[in-house]
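Below: the structure, in structure tokens.
Each value in this text was obtained by applying a stated rule to the coordinates, not by laboratory testing. Here the structure is a predicted model, which is why all the values come from computation and not from measurement. Here the Cβ positions follow ideal geometry from the backbone for every residue, glycine too, while neighbour counts run over all protein chains shown.
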Amino acid sequence: MLEEGTLRVLLVDHDEDRAAAVRSGLEAGGCAVVAVVPEARDLVALVRESAAEVIVCDLDDPSRDALESMRALYRDEPRPVVVFAARGEPGQIEAAIEAGVAAYVVEGLAPERVRPVLEVAIRRFRAHQALRAELDGMRATMAERSLIERAKGVLMQRRRMSEAEAHHWLRRRAMDRGQRMVQVARELLSNCKAE
Amino acid sequence: MPRNPALLRIGYVPLTDAAPLVAAEALGLFARHGVRVRLSREQAWAALRDKLAFGALEGAQMLGPLVLALAAGASGPRRRLTVSAGLARNGNTVILSPALAGQIGPFVPPLRASAFAEALRRRAESGLPPPTFAVVFPHSSHNLLLRHWLAASGLDPDHDLRLVVVPPPRMTEALAQGAIEGFCAGEPWGSHAVAQGVGRFALATGDIWPDHPEKVLAWAEGLAETREEEVLRATAAVIEAAQWLEVPANRSAAARLLQERAFPELPLSTIAAALAGRVAGCAAPLATPLRFAAASRPVAGEASAWLAAMRRWKHLPAGAPEPAAGWRADLWDRAAARLSAPPAPGRATPSPLLAIPQETDA
């Protein structure tokens with residue numbers, strides 16, 4: 001049974017002995033290691049099944065590049081990837097944490113450092129995701145608004161409507177069809193192009 | 001020359017185009033140019049990137065697009081690396097599983113994108129899922145050139161295929177197990193799959209963009225300023241190694257060096273193929289073989305082609321300013337001037353990546 005507030009960790013490590021050591025380090029630090037895999041194959045399904053909140057991987061593991069691609073190549077099930085380095089150099093931890101986003105380097109696996117580092121990693125990752133979603137949303141809204149404006153322009157020019165009338169026309173048509181205004185606008189514009 | 005010069009740690013991954021670094025060390029060229037270098041064999045591009053960013057390495061063999069992604073803050077911590085030399089042109093192959101090659105029907109490399117697209121459409125019509133293809137890293141020439149080739153035939157690389165990342169030494173196994181149906185990777189890994197009988201050679205990335213720039217020699221942010229003299233010396237050694245590699249009589253020695261230091265598990269014939277301008281198991285020479293000396297002088301303009309492709313596929317954050325690319329031909333020129341016979345600078349053909357159809361916003 002997992003305790004309340006236990007961090008669910010998926011560990012990727014091709015080195016069996018190191019995986020065992022990292023696992024005990026993570027567990028001593030209050031984490032639940034829900035899966036240990038030697039490579040990043042089928043990771044998306046594995047993350048879903050194990051409900052892992054964070055993926056932990058050694059800095060030098062051959063799976064590093066595949067883990068990167070989870071974010072860049074396909075965007076499903078993103079999770080923060082926390083990277084551990086067995087031999088950290090002074091200043092690296094601070095530099096890495098300051099840099100945010102993906103890589104967090106920790107000297108060894110001192111149990112008292114594990115959990116705080118994972119928590120910071122997850123917080124930063126979520127903040128970054130939220131910011132990105134907000135930006136994507138803003139971009140989408142702006143693109144939609146510009147489509148609606150263009151559709152209104154067409155109505156004003158071709159049907160001699162006022163701007164308010166064009167807006168009203170688009171909105172009524174959208175309500176009649178159970179569509180969004182931007183869909184009506186897009187359809188109208190593509191019909192114009194076809195003419 | 002300082003009496004006890006500090007060490008430059010340079011990372012590389014086991015690929016044929018690491019040859020200028022491996023040869024510079026093995027031939028004693030770093031020492032002859034008065035710089036202490038320790039090469040460090042690494043397992044992943046992400047590891048090289050992080051070690052450069054956090055000071056665990058001074059220099060590294062790098063993917064050109066990854067240098068740009070780092071400068072844009074699109075991959076790991078934002079860092080402005082300095083590129084003082086190119087390591088190779090061409091040198092990657094696209095390999096298909098025999099089953100997928102069979103679905104296309106008979107072809108002679110280079111495979112035409114339209115023939116590939118037709119096979120994929122027939123597959124989709126018969127209800128088969130899109131094939132999974134592997135590249136070596138999201139920010140790589142492999143990913144960008146493969147995407148360009150696919151898109152040129154009307155395929156959508158994000159829907160008509162599933163693109164994943166597999167480390168090059170694992171490609172052959174992944175293909176044999178059916179985890180992937182094709183891949184694009186640097187040699188000797190394509191030759192290895194062909195020699196093992198689990199892959200068919202389809203085309204080289206040089207068939208997509210002839211003489212495209214491949215890996216570069218990159219230095220940690222600020223290092224070219226703080227340790228300029230050592231960077232120049234190391235660069236001179238790498239330029240000299242590239243010249244040495246270009247001499248046909250040195251090819252078998254080069255193959256042995258690479259076997260010893262990068263691919264102890266591979267037969268010599270597989271490693272030697274790329275150096276001889278071929279793919280192992282294929283008789284025909286490549287139209288665009290791996291080249292070293294012609295790659296050596298870094299061409300900033302060639303990096304713009306990667307940037308254009310990265311924008312096209314939205315691999316850079318929207319609205320991100322032009323990343324300040326650190327392609328420094330001036331450093332190369334100063335390093336090359338120290339050699340008795342500097343190599344003639346090479347060039348890519350004009351990049352097809354710069355002639356991208358503009359997408360409409362609707």
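Considering the stretch A:135-194, its Cα convex hull presents a mean projected area of 4.2 nm². Helix B:300-312 versus the longest principal axis of chain B: what angle, 0 to 90°, nearest 10, using Cα atoms? Approximately 40 degrees, to the nearest 10. What the phi angles of the stretch B:195-206 give under the Karplus curve with 6.51, -1.76 and 1.60, with θ = phi - 60°, is a coupling list of 5, 7, x, 9, x, 10, 6, 9, 6, 9, 5, x Hz, glycine and proline written as x.
A DSSP coil position with no more than 14 other Cβ atoms inside 10 Å describes the following trypsin sites (Lys or Arg not before Pro) in the stretch A:129-195: A:Arg159, A:Arg160, A:Arg180.
Shielding by partners for peptide A:7-18, expressed as the average number of C-beta atoms from other protein chains within 10 Å of each residue's C-beta, is 0. Solvent-free Debye calculation, one equal scatterer per alpha-carbon of the protein assembly as shown: log10 I(q)/I(0) at 0.10, 0.11 Å⁻¹ equals -0.88, -1.04. Using the rule -39500 (n - 2.57) for each DSSP H run of four or more residues, divided by the residues of chain B, the 222 nm mean residue ellipticity is -11000 deg cm²/dmol. Entry note, chain B: relative contact order of 27 percent, from Cα contacts under 8 Å with a spacing of 6+ residues.
Amide H contacts under 5 Å for B:Leu290: B:Gly91, B:Gly277, restricted to partners 5 or more places along the chain or on a different chain, H placed in the peptide plane at 1.01 Å from N. Taking GluC sites (Glu not before Pro) across the stretch A:1-62, the ones in a DSSP loop with at most 15 further Cβ atoms lying within 10 angstrom of their Cβ are A:Glu3, A:Glu4. Here the dipole of chain B is about 540 debye; that uses its Cα centre as origin and unit charges on the Cβ of Lys and Arg (positive) and Asp and Glu (negative).
Give the residue list of trypsin sites (Lys or Arg not before Pro) in the stretch B:214-314 that are DSSP loop and have at most 15 other beta-carbon atoms within 10 angstrom.
Passing sites in the stretch B:214-314 are B:Lys314.
How many Cβ atoms of partner chains, on average, are near each residue of A:40-49 if near means within 10 Å of its Cβ? Averaged over the peptide's residues, the number is 1. With a ≥ b ≥ c the root eigenvalues of the C-alpha gyration tensor of the stretch A:29-74, is it rounded (a/c under 1.5), prolate (a/b larger than b/c) or oblate? Here the stretch A:29-74 falls in the oblate category. Of the beta bridges in chain B, as assigned by DSSP with both residues counted there, near 55 percent are antiparallel. Among rounded, prolate and oblate, which fits the stretch B:92-208 when a ≥ b ≥ c are the square roots of the eigenvalues of its C-alpha gyration tensor, a/c under 1.5 means rounded, and a/b larger than b/c means prolate? Rounded, since a/c falls under 1.5.
Couplings for the stretch A:142-157, taken from phi via the Karplus curve 6.51 cos²θ - 1.76 cosθ + 1.60 with θ = phi - 60°, read 5, 5, 5, 4, 5, 5, 5, 4, 5, 5, 4, x, 4, 5, 5, 6 Hz in order; Gly and Pro are left as x.
Under 5 Å from the amide H of B:Leu203 lie the amide H atoms of B:Val94, B:Leu111, each residue being 5 or more positions distant or on a separate chain, with H modelled from the backbone and absent for Pro and chain starts.
Under a 5 Å amide H cut-off, with hydrogens placed 1.01 Å from N, A:Val33 pairs with A:Val9 among residues at least 5 apart or on other chains.
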